[in-house]
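For reference, the structure is listed below as structure tokens.
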Amino acid sequence: MPEKKVKENFEYPQHLYPKRKGLAKAFHMAQSFGHSRDVTSVALSNKGDYLVSGSKDKTLKIWDFPTGNLLRTIEAHDHSILAVAVSIDDNYIYSSSSDNLIKVWGLKRGHFINELKEHTDSVTSLAVTSDGKSLISGSKDKNVIVWNILNAKSIHKFEHKSAVFSIAISKNNEYLVCGTEEGIIRLWNLKHGKFVRTIKGHSGAITSLTISPDGKFMISGSEDSTVRIWDLSKGRPIYILQGHSGMVRSVAISLDGKLIVSGSDDKTIKVWEVSTGEIIRTLKDYTGKVLSIAFSPDGKYIVTGSADNNIMVWELMKGKLETTINAHSKGINFVSISPNGSYMASGSDDNTIKIWDLKSLRFIRTLTGHTKSVNSIEFSHDGNYLVSTSGDKKVIIWDIKQTAPYCILTNIGSVPNSASFTPDNKQIIMGLSNNYLKICDVQSKNLIWEEKVHKGPVTSIKFTPNGRYFVSGSEDKHVMIWDFSSKEVIKDLSGHKGKVLSIGISPNGANICSSSDDKSINIWDFYTGDLITSIENHADTVSSVNYSPIGNCLISTSKDKTVKVWDNKYELIQSFEGHGDEVSSVAITPDGKSAITGSRDGYLKVWALTFGGIFKNIKGHSENVNSVAVSPSGKLAVSGLSNKSLIVWDLSSGKLIKTLKGHTDIISSVAFSPGGRYVVSASYDNTLLEWDINSGDIVWTMSGHDDAVTSVAASYDAKYIVSGSRDKTIIIWEPKILKHVKRLKGVKSAITSIDISPNGEYIVSGLEDNSINIWDFKKGKIIHTLEGHKEAVNSVAISPDGVFIASGSKDQTVKIWKVNTGELDYTFEKINSPVTSVSFSSDGLYVACGTEDNFIRIWDFIEKYQTSYYYLSKVNSAKFIPNTNQIIAGYDSGDVLIWDLLMEEQEELLKELRSKLKNVEDLIVKDNYSEAIEQLNFVLETADVFNFEDIKAIAFEKLKNLRDPKETLEIVKRILEFEYENQRKITKAEMVNQLKIEISETEYYENLLENPVDYEPSETGHLENLGTKILQELLNPTLHALIIQKGYNFTTAKKIGKFLQDEGFIREFRNYPLDEEKFMTPSEKLKDLLVFVSYATVDAETYNIGELSKRLKAYDEIKEVLYWQEHMTDNIIKFMSDNLGKCDIMLLFCSENALGSDSVDKEWTAADMMRKPIIPVFLNPDHIPPLLKSRLGIEFDLMDFEKNVVHLHNLIVKTIFQRHRVD
């Protein structure tokens, strides 16, 4: 029996909400209003509509799975919830707990239905049979009970020798497996209630079990840190899956039976392939133990619950083998794809080269001319020619449309291992087995340069994208970077322990990858020569490496017969197997969607690579898009490219208007003038050009910088242009006089980015030395130097109100600074990739950044929640389009994409609202009128906010006169009784007449009231507390709905009711007298609040606790602020015991002193256990207790005491209001 160890280990988190603002916000809300303790169990409804989670906080939460919205919280048990399950028909939830009970709940309404009592200890696990008739529970009382779901009675009881921690049922309901504390699994015949066999192998308790859909395999997770796959019919292990370093808490299997997922105390999830028992993914985004795990019904997502109180959703993105081509009679040594994506070529040990049509994979022709193995092939940059090398000491140039050689280079002195066209296609550079590099002229065939620097055969040569440099790899274990013009080595990279066999260069030219027979791949920083990382995952020689042309991944091939795909963090995404021998070469299509591999087995294989989607894609670039800018009107966009040109676009149609050419090197930055008539471009050619956007003419060439110009900005008054350069200077230019008016000096590092404040007072510059400078525009002097980033600052932006600066850095953070003081205000962390670009939205509500890992991340600037958009390539520039919620982004792939935050949210909302309208019909059919009215009110309110007029009209039509006939009869009865018993001393006849006048809305009511029924006084006792609410449910349903269901205050509800009547949506809006107190919203009822303050006494002066408490108490809503003072006779613990329970909310003042204070720790822990809202107040977020970091708090401003008071008051009211709404 083989033991499977970790073969591949990588992190590839993809949340359920990567593309839509609405969905991403919903996920944030789920975290904000989520569980307060460990999430012990998660279960999905069978249709995938709902997610149910159970927690140690004793609650069940029901979530809308497609959106991530929290629908309902159920205070379910008196102790920790240990397991949850959903019925087959998706109508019921089953929960079990440490309180020994199993409870049954309605899924959609969350109402209690029943409880099952028979276990005498904690109920640890639940499972539902596939026919939906039985529920099975396992318990620490050593019993497994089978329950009849219909009558809630036990059918069978299976006894064990130790506590049962896990159970699973086969899909045909024939077998039941039970995992125990002693590490033994027992198999039972469920139909006959008989024991079948004992299965042993684990050395620790069995924590989780599942059975494959076909019933052939059982998967177990254990305290011994292993996952095991068993042959269920024989009870024998097939694979032992080793890789976790902690207890395996949960296992699940996909519906197709191909994948297993396991969650562990080591805070990781591992994805295993059932057929091989090998790890194909490791997901590591957790700060707590992974306690529960489940697959979504469609198999696309994994849902997990963990000890960090979070629920996470992961998307499984998987490539696949598309085509296999029997290409050559002997082994394939090299594969190449033409830059235009039209052709593919393969070179083989059969001495031939074959040309294929890439789109159809149709064979075109065979090129013969070599007399020995073809060991390398490379297309020219225009795609018309091919150069090949061979063991016959020839280098042959081919016209790909001809079969005969175009040119043959001989007398080169040794066997060539690699050859490549120079950027102009006029020369060939070769790496030879005699350690030489040589360059030959194609036309004359003459040798024009040779150099012997390497001490071993040169195996690989690659040019950088800009053509200025080339990189060579050699069997001497070295990689060298050469300046092409001078032919000098500028960097010698050493780090491999074996021969370097292949070289790859990232599309942006920033990184080099090299593979070796030491089984490793090294990643190098092109500019510094530093070794970034070394990947050691292949089991044998790494034959070939190649970056995707769009920069989203790296692919390697090996003698171990595998092809591996790595993301931009150099974590493994996927491993492909299928070749029968060494995989010698890989090429990737220009669009990055497919990889083609050649093997010593003679076959070519085409592999599909899977990625996400977009909103709008502006095509037209064939080079990297380094910068984008949008005109103030929002009608035009300009993109600056690596091919030295600018493209002008019509934003509404996405059509190319004109191409502007004039620069002689890469364009690094572009900016519109405020009027939108002119565009300024900055370039690595040390100049700036001002263009007339209408004519396309160059208006002004700005020369003055001594090195590459990296950034440009225009002042809001259109008087000045400001540029930053690698020459460490900033120049202020005045277009009117066509001169530069000031040069700002004084920094010691290259300037990477600049921006100008809206009022024109400040210039902000980001530097390569990790700092940011704020300059006085008029004086040209630095007034603040901002330090906090740990690596180069790549981008800076000033907020529209001029108050804040956003900076993005290579250190994978975005920082927000105050312009006037230079103080750090906030840091957005956990970005996990270098930040390339930052931008504020026009309203200042959002901050966006582009990153090297292909994401655009957007934060709500106030609430700090995040959403993100993913595409196929590195983001070079991401900016908000003026006065919109759209972002325009330029990518390394040459694409310009427009992402619309609100459009995608609205699309999703429309789907949700249409679904709810359809659901209303089902509810009415089932006589569930109250829920139908609730759903219609939700649709109505949402449609009104988003101006969905058609949806709103349908909802109004449905809501008008919607009454439950049975409930209406009961309501009228109650009104009569209430009026008779409590309000008026009148006869029934008089009462009927009066009520008839009041409720003459429909003939139904009139007919009912004309035939009243006499009631006994005993029937009216239970109605005394119904009060005005009951009266209003009939007499004024619209007003009642507005106040009770929508949470409007009384005055607003009246205004809306009148508006609805005026617009004809309701027949009559009666201003019936109401008991306003009964109808106040939670926010209106907020009064007599008691606030408890917890702080370390030594911090009393720092936070000015006394004055702060006095100021808060002055607000109408707050009755008292309670805090312990040193002069008090009671000790702190007694003070807490006497006062904490009666308080409504706690303010926790966090500091290093507070972290070390036992009394503070006891106070906030007790408050948390009482479920009191806690607001952390802090100077440094690191001082917030870890369990409270997700709570909404405020950063205390020592310079602005008044602001602290106002913010604290607002947050107290907001927090308690939200608590009332949730409750």
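Among what's in the range 1104-1146 and is out of contact with any helix residue (DSSP H, G or I) (no Cβ under 7 Å at 6 or more places or on another chain) and surrounded by 15 or more Cβ atoms within 10 Å (Cβ to Cβ), pick the residue that is nearest to residue 1177 (Cα to Cα).
Filtering the range 1104-1146 for residues that are out of contact with any helix residue (DSSP H, G or I) (no Cβ under 7 Å at 6 or more places or on another chain) and surrounded by 15 or more Cβ atoms within 10 Å (Cβ to Cβ), the one nearest to residue 1177 (Cα to Cα) comes out as 1105.
Considering only the range 871-897, state which residues are at pLDDT below 75 and within 25 Å of residue 642 (Cβ to Cβ).
871, 872, 873, 893, 894, 895
What are the residues in the range 412-464 that are under 49 Å from the mean Cα position of the chain (by Cα) and of a type in the set (A, V, I, L, M), if any?
Once the filter is applied, which keeps residues that are under 49 Å from the mean Cα position of the chain (by Cα) and of a type in the set (A, V, I, L, M), the range 412-464 yields 419, 428, 429, 430, 432, 437, 439, 453, 458, 461.
How many residues does the range 849-870 hold that are at pLDDT 80 or above and in contact with a Cys (Cβ under 9 Å, 6 or more places away or on another chain)?
Total meeting the criteria: 3.
All but one of (1) of a type outside the set (Asp, Glu); (2) crowded, with 23+ Cβ neighbours inside 10 Å; (3) over 21 Å from the mean Cα position of the chain (by Cα) hold for residue 808; state the number of the condition that does not hold.
All conditions pass for residue 808, except number (3).
Mind counting the residues in the range 176-185 that are surrounded by fewer than 23 Cβ atoms within 10 Å (Cβ to Cβ) and assigned to a strand (DSSP E or B)?
Final tally of qualifying residues: 1.
Mind listing whichever residues of the range 402-419 are within 23 Å of residue 599 (Cβ to Cβ) and in a strand (DSSP E or B)?
Matches in the range 402-419: 416, 417, 418, 419.
Rundown of residues vs (1) acidic (Asp, Glu); (2) surrounded by 18 or more Cβ atoms within 10 Å (Cβ to Cβ); (3) over 25 Å from residue 829 (Cβ atoms), yes/no style:
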position	(1), (2), (3)
735	no, yes, yes
739	no, no, yes
753	no, yes, no
766	no, yes, no
781	no, no, yes
790	no, no, no
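To keep it simple, each residue is scored yes or no on (1) outside the structural domain of residue 1090 (by TED's automatic domain parsing); (2) modelled with pLDDT of 85 or more; (3) in contact with a helix residue (DSSP H, G or I) (Cβ under 7 Å, 6 or more places away or on another chain); (4) farther than 22 Å from residue 1098 by Cα.
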site: 1158; (1), (2), (3), (4): no, yes, no, no
site: 1163; (1), (2), (3), (4): no, yes, yes, no
site: 1166; (1), (2), (3), (4): no, yes, yes, no
site: 1171; (1), (2), (3), (4): no, yes, no, yes
site: 1180; (1), (2), (3), (4): no, yes, no, no
site: 1184; (1), (2), (3), (4): no, yes, no, no
site: 1199; (1), (2), (3), (4): no, no, no, no
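State which residue is farthest from residue 201 (Cα to Cα) when the search covers only the range 248-277 and only residues that are over 25 Å from the mean Cα position of the chain (by Cα) and surrounded by fewer than 19 Cβ atoms within 10 Å (Cβ to Cβ).
256
Please identify the pairs in which a residue from the range 505-531 that is among the acidic types (Asp, Glu) has its Cβ atom under 6 Å from the Cβ atom of a residue that is assigned to a loop (DSSP other than H, G, I, E, B), counting only partners at least 6 apart or on another chain.
Pairs that qualify, where the first residue is among the acidic types (Asp, Glu) and the partner is assigned to a loop (DSSP other than H, G, I, E, B), are 517/498; 517/499; 517/541; 518/496; 518/497; 518/498.
Report every pair of residues separated by at least 6 positions or lying on different chains whose Cβ atoms are under 7 Å apart, first residue within the range 682-700 and within 13 Å of residue 670 (Cβ to Cβ), second of a type in the set (Phe, Trp, Tyr) and in a strand (DSSP E or B).
Pairs that qualify, where the first residue is within 13 Å of residue 670 (Cβ to Cβ) and the partner is of a type in the set (Phe, Trp, Tyr) and in a strand (DSSP E or B), are 690/678; 690/700; 691/678; 693/678.
Where residues in the range 1111-1133 are assigned to a helix (DSSP H, G or I) and in contact (Cβ under 8 Å) with a residue 24 or more places away in the chain, which of them is nearest to residue 1087 (Cα to Cα)?
In this case the residue turns out to be 1112.
What about residue 364, is it over 43 Å from the mean Cα position of the chain (by Cα), part of a strand (DSSP E or B) and closer than 16 Å to residue 602 by Cα?
So residue 364 does not fit the description; no.
Of the residues 557, 541, 589, only one is touching a Pro at 6+ places or on another chain (Cβ under 9 Å) and touching a residue at least 40 places away in the same chain (Cβ under 8 Å); which?
On inspection, the qualifying residue turns out to be 589.
Would you mention how many residues in the range 386-401 are assigned to a strand (DSSP E or B), under 21 Å from residue 363 (Cα atoms) and touching a residue at least 40 places away in the same chain (Cβ under 8 Å)?
Qualifying residue count, the range 386-401: 5.
Within the bounds of the range 58-70, is there any residue that is closer than 22 Å to residue 291 by Cβ, of a type outside the set (S, T, N, Q) and modelled with pLDDT of 90 or more? I'd like the intermediate steps shown before the answer.
Within the range 58-70, the subset closer than 22 Å to residue 291 by Cβ is 58-63, 65, 68, 70.
Keeping just the survivors that are of a type outside the set (S, T, N, Q) gives 58, 60-63, 65, 68, 70.
Okay, now just the ones that are also modelled with pLDDT of 90 or more, so 58, 60.
Yes, the range 58-70 has at least one match.
Can you pull out the strands (runs of 3 or more DSSP E) entirely within the range 543-613 that have at least 3 residues that are crowded, with 21+ Cβ neighbours inside 10 Å and among the small types (Gly, Ala, Ser)?
Numbers: elements: 554-558, 562-566, 572-577, 583-588, 594-599, 603-608.
Fully inside the range 543-613 and qualifying: 583-588, 594-599.
Just name the residue that is modelled with the lowest pLDDT out of those in the range 278-304 that are surrounded by fewer than 23 Cβ atoms within 10 Å (Cβ to Cβ) and of a type in the set (D, E, K, R).
In this case the residue turns out to be 285.
Would you mention how many residues in the range 1157-1211 are assigned to a loop (DSSP other than H, G, I, E, B), of a type in the set (Lys, Arg) and surrounded by 15 or more Cβ atoms within 10 Å (Cβ to Cβ)?
Residues flagged as assigned to a loop (DSSP other than H, G, I, E, B), of a type in the set (Lys, Arg) and surrounded by 15 or more Cβ atoms within 10 Å (Cβ to Cβ) within the range 1157-1211 amount to 2.
Name the single residue that is surrounded by the fewest Cβ atoms within 10 Å (Cβ to Cβ) among those in the range 191-231 being under 20 Å from residue 141 (Cα atoms) and not hydroxyl-bearing (Ser, Thr, Tyr).
Let us first name the residues in the range 191-231 that are under 20 Å from residue 141 (Cα atoms), namely 193-195, 198, 204-209, 222-223.
After this cut, where a residue has to be not hydroxyl-bearing (Ser, Thr, Tyr) as well, the list is 193-195, 204-206, 209, 223.
Values: 193: 13, 194: 10, 195: 12, 204: 16, 205: 20, 206: 29, 209: 26, 223: 19.
Filtering first and then ranking leaves 194.
Could you tell me how many of the residues in the range 1134-1171 are free of Cβ contacts under 8 Å to residues at least 40 places away in the same chain and charged (D, E, K, R)?
The total comes to 6.
Looking at this structure, is residue 392 acidic (Asp, Glu), more than 21 Å from residue 501 (Cβ to Cβ) and assigned by TED's automatic domain parsing to the domain that holds residue 543?
no
The values are calculated or read from the model by the stated rules, or taken from the named source; none is laboratory data. Keep in mind the model is a prediction, meaning the values are calculated, not measured. All Cβ positions, even for glycine, are placed from backbone atoms using ideal geometry, and neighbour counts span all protein chains on display.
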